[in-house]
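To start, the structure under review is shown below, and the notes come after it.
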Amino acid sequence: MNGEKRVELRSNGQPRAAVPTFFIWIAAIIVVCAGGAWAQSGRSLLVLTEPKKAEEQFKNIQTLKGIPADQLIPAMQFITASLGVECEFCHVQGAVEKDDKKPKQTARKMMEMMFAINKDNFEGHREVTCYSCHRGSTDPVATPLVMAEEAKPGASEAKKGEGAETNEASGPPADQVIDKYVKAVGGAAVIEKVTSRVMKGTITFGDRNVPIEIFAKDPDKRVSLTHMPDGDSITAFDGHEGWLGVPGRPVREMHGPDIDAAAMDADLHFASHLRVMFSEVKVQGTEKVDGREAYLVVGRREGKTPLKLYFDEKSGLLVRLVRFGETPLGRTPTQIDYADYREAGGVKIPFRWTLARPSGRFTIQVSEVKQNVPVDDTKFTKPPAPPEEQKGPTK
């Protein structure tokens, strides 16, 4: 992704001043990884409220009427990832509710076709998605491609990516793999003694390096500050709510997959909580991660998408985690690779992790870690919301 590319930043769908894609992208997705490998548990203190429907919060909703409002943006993100486009491919910049662009009208027809295919042929189960045909291109490929150097992954590979069962399951029991991880990290007793963690380092995106600070405090509080040239980009979770902010703009509340990931990121005791976070957990064979064999453990969470965890066969450490964001149109994957494990206050943690999504990737390299140091609660205080929320993007 070109770091100089410029797009429109919106809070709740409203047009804002143009800022570099790099800064927006970092602010929007750092939520899923800033806590590192130890911060991916299923513990959550979210307050359940009756969600608004998309048509109640946004203007001119047609095809996606009835879905929760906080699922609309993830659905749009799934489309951009499936077609390899930006928002302005379908939407009028600064007036997203308008139907002036033909691709937007086409997108509605394509979604209706997708829903009909699944209803008529797969008993309503979501088997066909935008990505099934588009594969990152605006024009689906109708003619089979000739064989390249390596064969393309087939349907079975795609299913494995979403945590489906395979015939390759082998290895020790999942509980044994998890226990080895807990021991490799330092042991449950040591992990549970961690009350706070402060980290400093750099985040690298393409050829850019930007300083970052991450503050985490038990129970379930975390904030990351990415020091941009024009001010700090903030990603925060206070144990109940999550929000994102870029310099000079109102904060944007997290919803859906983002808030789920933020709640997971805020847990400092991930390793010791693994045994209780899943309703079902199985070892599904081994795969190579960075040239080393790793056990693939698939954990299913009640009412949520599965997690795929890869544990190094020899060291027992977590070297990769794959999670999925649920949208009305399909699941969007996020892969986090962990490396450079070092001891910090008796606990082994990764000092480097790389996050990859369909829209891009970045790496965080930690240079300094402090454990169990005072962290002021004001760091996790949510800024005041704008006086009025307007309606925004439509499909």
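The values are calculated or read from the model by the stated rules, or taken from the named source; none is laboratory data. All figures in this text were calculated on a predicted structure; none of them were measured in a lab. In this analysis, Cβ positions are derived from the backbone assuming ideal geometry, glycine residues included, and neighbour counts consider all displayed protein chains. To get the accessible areas, we keep the full protein, side chains included, count just its heavy atoms, and leave off ligands, DNA and RNA. Shrake-Rupley method; radii C 1.70, N 1.55, O 1.52, S 1.80 Å.
Worth a mention:
- Qualifying residue in the range 374-394 (condition: in a loop (DSSP other than H, G, I, E, B), at pLDDT below 95, touching an Asp or Glu at 6+ places or on another chain (Cβ under 6 Å) and buried (at least 19 other Cβ atoms within 10 Å of the Cβ)): yes
- Some residue of the range 357-371 being over 19 Å from residue 268 (Cβ atoms), over 14 Å from the mean Cα position of the chain (by Cα) and of a type in the set (Ser, Thr, Tyr): yes
- Residues in the range 113-131 that are open to solvent by 80 Å² or more (accessible area, probe 1.4 Å), over 15 Å from residue 76 (Cα atoms) and either part of a helix (DSSP H, G or I) or basic (Lys, Arg) (or both): 5 in all.
- Selected residue (only one of 331, 352, 361, 342 is over 22 Å from residue 72 (Cβ atoms), open to solvent by 50 Å² or more (accessible area, probe 1.4 Å) and modelled with pLDDT under 95): 361
- Single unsatisfied condition, residue 241 versus (1) open to solvent by less than 50 Å² (accessible area, probe 1.4 Å); (2) more than 23 Å from residue 363 (Cα to Cα): (1)
- Residue match in the range 226-233 (condition: touching a residue at least 12 places away in the same chain (Cβ under 8 Å), closer than 30 Å to residue 282 by Cβ, surrounded by fewer than 17 Cβ atoms within 10 Å (Cβ to Cβ) and touching a Ser or Thr at 6+ places or on another chain (Cβ under 9 Å)): no
- Number of positions in the range 270-298 that are surrounded by fewer than 21 Cβ atoms within 10 Å (Cβ to Cβ), free of Cβ contacts under 8 Å to residues at least 40 places away in the same chain and in a strand (DSSP E or B): 5
- Within the range 231-290, considering residues that are basic (Lys, Arg) and at pLDDT 90 or above, the one nearest to residue 308 (Cα to Cα): 282
- Matching residues, the range 112-136, being over 19 Å from residue 64 (Cα atoms) and of a type outside the set (Ser, Thr, Tyr): 121, 122, 123, 133, 134, 135, 136
- The one condition in (1) open to solvent by 50 Å² or more (accessible area, probe 1.4 Å); (2) touching an Asp or Glu at 6+ places or on another chain (Cβ under 7 Å); (3) at pLDDT below 95 that residue 305 fails to fulfil: (1)
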